[in-house]
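See below for the structure under consideration.
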Amino acid sequence: IGGAVGIYPFYTQGQIVNVAISDNLIVGNRSFSGRGGAIGLGSQAAYTYNVLKMQVVGNIIGANRALSGAGISISVAGAGDNFDLLIDNNLLFDNSTLGEGGGLLFTGSGHVTGQVSGNTVTQNSAGFDGGGGIRFSPSLTYESAFTAANLISWANLNGNLSGAPVTTYSDVEGGAPGAGNISVSPSFASGPMGSFYLAQDANSMSPAVDTG
């Protein structure tokens with residue numbers, strides 16, 4: 001797993017593994033036979049009770065390819081696994097898979113808590129009904145403290161958001177169930193590091209500015 005970065009907690013027996021991936025440009029990687037074209041986090045069902053805390057913050061993740069979860073893949077395989085995650089303020093664009101989760105994929109049968117927030121997920125693609133932007137698999141247990149909010153998932157191929165209805169206060173093309181979600185063009189604008197800034201000038205103001 002993980003075309004660029006692979007994290008594989010193996011039978012931690014309650015010992016917490018801490019991982020931080022921040023402020024990187026992760027572009028053009030491949031994981032054709034596995035998950036996570038850019039970043040792959042996965043455990044194994046045969047060796048459960050893995051405990052992990054991971055932060056993925058402030059990264060630009062683009063043009064990666066994988067069997068599934070082309071941008072970021074979170075695979076919590078063991079029913080006794082518990083991953084505490086902060087996935088915040090990342091840009092995921094132009095990642096592609098023929099499976100599920102073009103930009104961001106949560107899958108498995110374990111437990112997740114933490115926060116997915118402030119990410120822009122755009123122009124990714126996945127297989128039919130596979131969450132071209134983001135997929136939160138309903139097979140996972142999302143703890144009561146888990147939040148997925150202040151997200152933009154727009155202009156992804158074969159779905160912008162699919163799976164468990166955990167997302168709130170986000171801008172999702174085509175709409176999504178959940179408190180505060182909207183479906184209004186985010187009005188992307190070009191800037192010094194790419195094409196996915198939010199317009200905020202005298203001529204245009206993105207509906208995603210100062211909201212959520």
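Side notes on the structure shown:
- Residue-normalised accessible area of the chain, expressed per residue, 1.4 Å probe, Å²: 43
- Across region 75-105, the residues whose backbone nitrogen lies under 12 Å from the label position 7 Å along the beta-carbon direction of Leu157 are 94-99, 102.
- Positive-end extreme of charge dipole, the chain - chosen from Gly69, Gly34, Asn119 (charges on Cβ): Gly34
- The slack in the chain from Ala20 to Ala164, taken as 0.36 nm per residue of separation less the alpha-carbon distance, amounts to 49.2 nm.
- Region 66-208 - percent of accessible surface contributed by carbon and sulfur, probe 1.4 Å: 54
- When only the Cβ of Lys, Arg, Asp and Glu is charged (+1, +1, -1, -1), the dipole of the chain relative to its Cα centre reaches about 480 debye.
- Once backbone amide H atoms are built at 1.01 Å from N, Ala148 has Val116, Thr168 as its partners under 5 Å, excluding neighbours fewer than 5 places away on the same chain.
- Two-site FRET efficiency, Gln13 against Ala179, from Cβ-Cβ distance with R₀ of 45 Å, rounded to 0.05: 0.75
- This structure gives P(r) over Cα pairs in 10 Å bins from 0, in percent, computed directly, and of [x] 7, 24, 29, 26, 11, 3, 1, 0; [y] 9, 34, 38, 17, 2, 0; [z] 10, 38, 37, 13, 2, 0 that value is listed as [z].
- Cleavage-rule hits (chymotrypsin sites (Phe, Trp or Tyr not before Pro)) in region 68-147: DSSP loop, at most 12 neighbouring Cβ within 10 angstrom: Phe128
The values are calculated or read from the model by the stated rules, or taken from the named source; none is laboratory data. Keep in mind the model is a prediction, meaning the values are calculated, not measured. Methodologically, a virtual Cβ is constructed for each residue, glycine included, from the backbone with ideal geometry; neighbour enumeration extends over all protein chains shown. Just the protein is used for accessible areas: all its heavy atoms, side chains included, with ligands, DNA and RNA removed. Shrake-Rupley method; radii C 1.70, N 1.55, O 1.52, S 1.80 Å.
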